[in-house]
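Just so it is clear, none of the values below were taken in a lab; they were calculated from the coordinates. It should be emphasised that the depicted structure is a prediction, and the values quoted were computed from it without experimental measurement. Here the Cβ positions follow ideal geometry from the backbone for every residue, glycine too, while neighbour counts run over all protein chains shown.
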């Protein structure tokens, strides 16, 4: 086996450190024997307690992450080149904050193929509360279209919560989640992350209706999350409530669906439209693959 050199010291005796060579696979008992063979007078003097101070490298090997799929690894390498370059430029400009990558950059590194999410039917009565809630929200906040974007989140949340409720506590919604990539040199900032077992659906609000920037944020974030949690698949939704863009990051490719519109009727979301979009989220959280 591999030999390691351990430096042993007697607690309380300055300058008493001495090296012992031992096979990496050996136990504490073997270490004591080695000390005995090497430094008999020390061994007789005291009971030996072994405290191991491992160096960082050694510990990181123990905690080895699952290596990403080769295609994903290549994607991360290309992404990191851009993230590192932009970080340098940003430092020079004196700004900090989240990894800034533009959508055209993302699109050239990892162009998306077609995603065709299905919509799983939700019984109408399960959405009754949601339909009753929209007019209450609109009375309080004013219509959905105008005003501050912060307001839009209050319309997005009931849709997410209504779908999560179908799982009877089986889905968690995490709010304002930040993920710091390890092997991906970027971060994720999500308004929400829906969690069910190993499944993750990351929600990004498209600020100022800028879907390109929203997608860039969602895609870097999805890679960071795949990295940190060792996931082969991460879903994302970028929305301003009126438009919903579903994507997923798979090992071998990125997929993006055609935007789905939340149709409005008499200033409230049309039931059919709500049912379709809620059903798409329901389907993602339900599917077992």
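Helix 271-286 and the long axis of the chain differ in direction by around 20°, with both axes built from C-alpha atoms. Computed over the chain with a Gaussian network model linking Cα atoms closer than 10 Å, the most mobile of 147, 29, 230 is 29.
Mean sequence separation of contacting Cα pairs (under 8 Å, at least six apart), scaled by the length of region 109-286, corresponds to a relative contact order of 28 percent. Restricting attention to region 109-286, close to 75% of DSSP beta bridges with both partner residues there are antiparallel. Helix 149-165 and the long axis of the chain differ in direction by around 80°, with both axes built from C-alpha atoms. Given (1) 92, 46, 35; (2) 94, 37, 29; (3) 75, 56, 31, which label gives Cα extents along the principal axes in Å as computed from the coordinates? Here Cα extents along the principal axes in Å agrees with entry (1). Computed over the chain, the per-residue total of -39500 (n - 2.57) for DSSP H runs of n ≥ 4 gives a 222 nm mean residue ellipticity of -13500 deg cm²/dmol, rounded to 500. For the chain, the longest principal axis of the C-alpha atoms and the axis of helix 70-93 are separated by about 90°. Fewest-first ordering of 168, 209, 227 by other beta carbons within 10 Å of each residue's beta carbon gives 168, 209, 227.
Peptide packing for 198-208, 82-92 was compared via the average number of neighbouring C-beta atoms within 10 Å per residue; ordered from the highest value, the list is 198-208, 82-92. Among 17, 67, 270, the largest mean-square fluctuation in a Gaussian network model of the chain, built with springs joining Cα atoms closer than 10 Å, belongs to 17. Residue ranges 107-115, 155-163 sort as 155-163, 107-115 when ordered by packing (mean number of other C-beta atoms within 10 Å per residue, highest first). When 235, 219, 100 are arranged by Cβ crowding within 10 Å, least crowded first, meaning fewest neighbours, the order is 100, 235, 219.
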